Amino acid sequence: MPIAFRPATRSDLSTVAWLAAGAAASVVLALKGVPGLIGGCPFHRALGLPCPTCGTTRALEALLAGRWLPALALNPLAAIALVLGAIALLIAPLWVLRGWPVPSAREPWPRSIRLGLLAIVLANWAYLVVRDGGR
Amino acid sequence: MDQEAPRPPEPPWQWSSGEPPPAPPPPAPLLPWESSEQPLLPSLLSTVQLMLRDGGDAMQRVKRGVGFARPLAYAVLLSWLGAAISAAYQLFLNQSLWRLLPGLSHDTHTEVVARGFALLFTPVAVAASAFVGGGITHLLLVLLGGGRSGYRSTVRVACYANTPAVLSVIPLVGPLVALVWGIYLEVRGLAIAHEMPIGSVLIAVILPAVVCCGCGVWFVASVLGLAILGLGSGG
């Protein structure tokens, strides 16, 4: 793996804080639905097919309401990523404050990993398309 | 018979004439906005001028892999300014239009409140777009085999690529010009920051907008959460 571990620095803490703020801002914007900012999915409107991330906002709402299975059904990859991301956002500040080594990927990722990630995204997309049945 | 031992070949970086090796090129000067020598307003203006006049040179000057505060403040300031002026003239244009078409009902109060609300949220939207949108782009850069300067560099470039937002003050065509120019700046900046080919960067910048629309923000916010501890940050 092209991931090395390095000591945590103060700038890691600021990265965590900024990213948490950005994520929180996105949550507010998506859930409050600022008019004109996030409407329906233009990809879905134009082609009649869900985009790879369709259902993510609804999955977030379902997760916040504690409905885990419906969230998974709406967009499995997004639901898993949301849960893991939330956990990571919670533990990251403590991790950095404790000075534990943080991962740092300096080299390009190997082709196999990149193709694997792409395959996961495509499989998730295929699931969304099949589930919607062209609706 | 004594023979002179063959001389080992000289390394290519040594000059046989005894001249010193050429000095590495000096680092590009910092962006005025990132240097603390100038007062705030002049540094803002000269950075905007530089970005609009020579985007490539300006993006060379963006520091890599350091803090977010300055670039984010820059992006918020310019976007808010563009949005505020654009909202004002749109309100004015709409009023003129409704006066010409008195038969149609129009609630000015609602429009003012909606535009004010949108202005209030502009800084939030800019922050979300920089960190989460930058995250989407960075993820794609990594998948395309690049992004070695790290997530922070991507976000910094994304912030400075907001410069053309000031062009939104131009009625009608301004926002469109700002959008295209912003994409150009972002592509140039990311290609420079991550030392990647323009084509790959273009895919990383355009693809999320085309395929993932607006709904991808959550997905990447989460993935970035996992990578939050500096994955690809390069220190």
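Yes or no: A:Val83 of a type outside the set (Lys, Arg) and modelled with pLDDT under 85? In short, no.
Okay, residues lined up against (1) modelled with pLDDT under 80; (2) surrounded by fewer than 18 Cβ atoms within 10 Å (Cβ to Cβ); (3) among the aliphatic types (A, V, I, L, M); (4) part of a helix (DSSP H, G or I):
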residue	(1), (2), (3), (4)
A:Ala24	yes, yes, yes, yes
A:Gly39	yes, yes, no, no
A:Leu49	no, yes, yes, no
A:Pro52	no, no, no, no
A:Glu61	no, yes, no, yes
A:Gly66	no, yes, no, no
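May I ask you to verify whether A:Arg114 is facing another protein chain (nearest Cβ under 7 Å) and surrounded by fewer than 17 Cβ atoms within 10 Å (Cβ to Cβ)? So A:Arg114 passes the test.
This table checks each residue for (1) modelled with pLDDT under 80; (2) in contact with a Gly (Cβ under 9 Å, 6 or more places away or on another chain); (3) under 20 Å from A:Ala81 (Cα atoms).
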position: B:Phe117; (1), (2), (3): yes, no, no
position: B:Val126; (1), (2), (3): no, no, no
position: B:Arg156; (1), (2), (3): no, yes, no
position: B:Tyr160; (1), (2), (3): no, yes, no
position: B:Gly174; (1), (2), (3): no, yes, no
position: B:Gly182; (1), (2), (3): no, no, no
position: B:Pro197; (1), (2), (3): no, yes, no
position: B:Ser200; (1), (2), (3): no, yes, no
position: B:Cys213; (1), (2), (3): yes, yes, yes
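Checking each residue in segment B:42-62 for being crowded, with 16+ Cβ neighbours inside 10 Å and part of a loop (DSSP other than H, G, I, E, B) picks out B:Arg61, B:Val62.
Of all residues in segment A:79-95, those satisfying the criterion of being more than 7 Å from chain B (Cβ to nearest Cβ) and farther than 19 Å from A:Ala62 by Cα are A:Leu90, A:Ile91, A:Pro93, A:Leu94. Residue pairs whose Cβ atoms lie under 9 Å apart, separated by 6 or more positions or on different chains, with the first residue in segment B:184-205 and more than 15 Å from B:Arg148 (Cα to Cα) and the second among the hydroxyl-bearing types (Ser, Thr, Tyr), are B:Leu185/B:Tyr160; B:Leu185/B:Thr163; B:Glu186/B:Thr137; B:Glu186/B:Tyr160; B:Val205/B:Thr137. The single residue among B:Val112, B:Val76, B:Val155, B:Val166 that is of a type outside the set (Gly, Ala, Ser), assigned to a helix (DSSP H, G or I) and more than 15 Å from the chain's Cα centre (by Cα) turns out to be B:Val112. Taking segment A:70-106 as the range and being surrounded by 12 or more Cβ atoms within 10 Å (Cβ to Cβ) and part of a loop (DSSP other than H, G, I, E, B) as the test, the residues that pass are A:Asn75, A:Trp100, A:Pro101, A:Arg106.
The values are calculated or read from the model by the stated rules, or taken from the named source; none is laboratory data. Everything numeric in this text was worked out from a predicted model, so none of it was measured. Neighbour counts are summed over all protein chains in view; Cβ atoms, including those assigned to glycine, are modelled from backbone coordinates with ideal geometry.
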